[in-house]
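Everything below concerns the one structure shown next.
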Amino acid sequence: MPGADAEYAGGPADAQGGGALGVPYGVGHQLLATSFLDLSELEYHADYRWDVDLLHIPGLLQTEDCARALFSRRVPELLESEVELRVRHRMQRRVIFEGAQPVPYQALIHEAALRIKVGGRAAMRAQLARVLEFSDAEHITVRVIPFDLDSFADTGSAMVYVGGAVPKLDTVVRDAPHGAVLIDSEAQLSVFRTHFRRVEGVALDPERSRDLIHRLAKEL
């Protein structure tokens, strides 16, 4: 695509539009909130995605049972049909891991998120097994932030970071009481990249992370 704007085409921020154009999700996705569709489109067109999660397993790694348990606890309460639509959409978003060019993905997960029994003991055992299964993929990196760190002060660093070829067109997605907030100012993106690198710097390496997850699964 020649021209002055060629470097900007297809960047994450450029993909926002609320319609998830070109994203292959099934019938009913148009009933979802715009924030769900924005995130779907951003990650589908991304060059890479980073997650930092302190209290929950990242959505892309969740089992149906754990996703259902989380959506069922929303306030105001969702109808069963609304819960199932959100669960189905969350599972379909894994399309970014498939195909000849899957999106590289790195998840930094606090040990707390691995210990909280979302959906019950059996559901969480299956959830940890699913995380281990995903971590076997070449394009997926899972690293754990352990409880036994001497110091960890980045408790406000939870984020989804969706990146592309042009860093100033990246987007950060953060949860807020009224829904997801999308951040794409250059100054704020720089701040969140710094946060991510700090957390990355104290997380266990992938092999030790897998060992810890195995141990936690055996304790359930």
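The values are calculated or read from the model by the stated rules, or taken from the named source; none is laboratory data. Bear in mind the structure is a predicted one, so any value in this text is a computation, not a measurement. Ideal geometry is used to build each Cβ from the backbone, glycine not excepted, and the neighbour counts take in all protein chains shown. We work out accessible area using only protein heavy atoms, side chains counted, and drop any ligands, DNA or RNA first. Shrake-Rupley method; radii C 1.70, N 1.55, O 1.52, S 1.80 Å.
Looking at Ala180, Ala129, Ala123, which is the one that is outside any loop (DSSP other than H, G, I, E, B), modelled with pLDDT of 95 or more, closer than 24 Å to Val75 by Cα and not aromatic (Phe, Trp, Tyr)?
Unique residue meeting the criteria: Ala123.
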- Is one or more of the residues making up region 206-215 touching a residue at least 24 places away in the same chain (Cβ under 8 Å), part of a loop (DSSP other than H, G, I, E, B) and surrounded by 13 or more Cβ atoms within 10 Å (Cβ to Cβ)? no
- Inspect region 41-53 for any residue being touching a residue at least 40 places away in the same chain (Cβ under 8 Å) and within 15 Å of Ala126 (Cα to Cα) and give the result as yes or no. no
- Task: Keeping to region 154-175, report how many residues are of a type in the set (Gly, Ala, Ser) and open to solvent by less than 30 Å² (accessible area, probe 1.4 Å).
- Result: 3
- Query: Only one of (1) under 15 Å from the mean Cα position of the chain (by Cα); (2) at pLDDT below 60 fails for Ser35. Which number is that?
  - Reply: (2)
- Message: Among the residues that make up region 108-121, is at least one of them among the β-branched types (Val, Ile, Thr), in contact with a helix residue (DSSP H, G or I) (Cβ under 6 Å, 6 or more places away or on another chain), open to solvent by less than 30 Å² (accessible area, probe 1.4 Å) and on the phi < 0 side of the Ramachandran plot?
- Response: yes
